[in-house]
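Colleague: First, the structure itself, so that you have it in front of you.
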Amino acid sequence: MQAFRLARPKAFKVTIPKYTLTKYCYSTRSRNINDSPSFKKIALVGVIGTVIFVQAVKSLDKSKPKNTYSEEEFENVMMGLRRRVALFPAGQLKLTFIAPGVSMKKVAIEKDAKLISPREVVEYYRSLPNDKYQALLEDIRSSHDPETYFYDLPKGLLVMLIGRYMKENCKTGDAVYIVDFPKDIQDAIKFENEVCVVDKLYVGKTGENTDLAKYYQTVNKVESV
């Protein structure tokens, strides 16, 4: 009898395409790179921001006067000018506030002290030819009471102008009295943060219970006259 031999089954080889995993990883990496901002894009944004700021400052220049000036416009400029440190470090000046309504006859002024009036400061820069705030101050004065318009300036402008004036006219060791200032606690806080720490505040009897007086009472710097 003839013997039959069973044929050995052939082995099947499963081949996984090598490119599948590689292609997946590559496409993921490519997508992540494209999603991330490049240094060139970041630099471009910075340049654009600088140009916008410069144009905002120039808009206040007399050489490019405008018919109207909003508080928002001035605030945009102030955001780029805010200082991280005061103009005068603590102890450099002996500074006194004399609140609005207080008679100068009731205040003992030191000899050779410098007296600064917000009105005189604002008028000085309004009359200064080619000053970048001259046109703005002229515009505000024309639409408000000329005797009190310096109290109607955009937020922060009066403090900035007084600080600028002090920087130009005061030196270490000076005794400085600012009369008819500050009008409110907001100006007082901004002044101390950006210009100089105050040593004393004079208030009248009617101003003893104001927020301004209470603020300085907490540090024993109030004198009622």
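FYI, it's all coordinate maths here, none of it is from the lab. The model shown is predicted, which means the values in this text are computed figures rather than measured ones. Cβ atoms come from the backbone with ideal geometry, glycine included; neighbour counts cover every protein chain shown.
Colleague: Could you give the size of the charge dipole of the stretch 134-225 about its Cα centre, using +1 on the Cβ of each K and R and -1 on the Cβ of each D and E, expressed in debye and rounded to the nearest 20?
Modeller: Dipole about the Cα centre, nearest 20: 280 debye.
Colleague: Place the peptides 184-193, 202-211 in order of packing, highest mean first, counting for every residue the other Cβ atoms within 10 Å and averaging per peptide.
Modeller: 184-193, 202-211
Colleague: If you don't mind, another one. Over 18 Å between Cα atoms: which of Lys111/Lys171; Lys155/Lys200; Lys111/Lys205; Lys105/Lys171; Lys183/Lys205; Lys105/Lys205 fall into that group?
Modeller: Lys155/Lys200; Lys111/Lys205; Lys105/Lys171
Colleague: Turning to a different aspect of this structure: Roughly how many whole Å is it from the C-alpha centroid of the stretch 107-133 to that of the stretch 168-188?
Modeller: About 10 Å separates the Cα centre of the stretch 107-133 from the one of the stretch 168-188.
Colleague: While we're looking at this one, here's another question. Within the set of other residues whose C-beta is less than 15 Å from the C-beta of Val225, count the net charge using Lys and Arg as +1 and Asp and Glu as -1.
Modeller: Here the charged neighbours net out to +2.
Colleague: Give the span of the stretch 111-225's Cα atoms along each principal axis, as three whole-Å numbers ordered largest to smallest.
Modeller: If we take the Cα atoms of the stretch 111-225, the spans are 43, 32, 25 Å.
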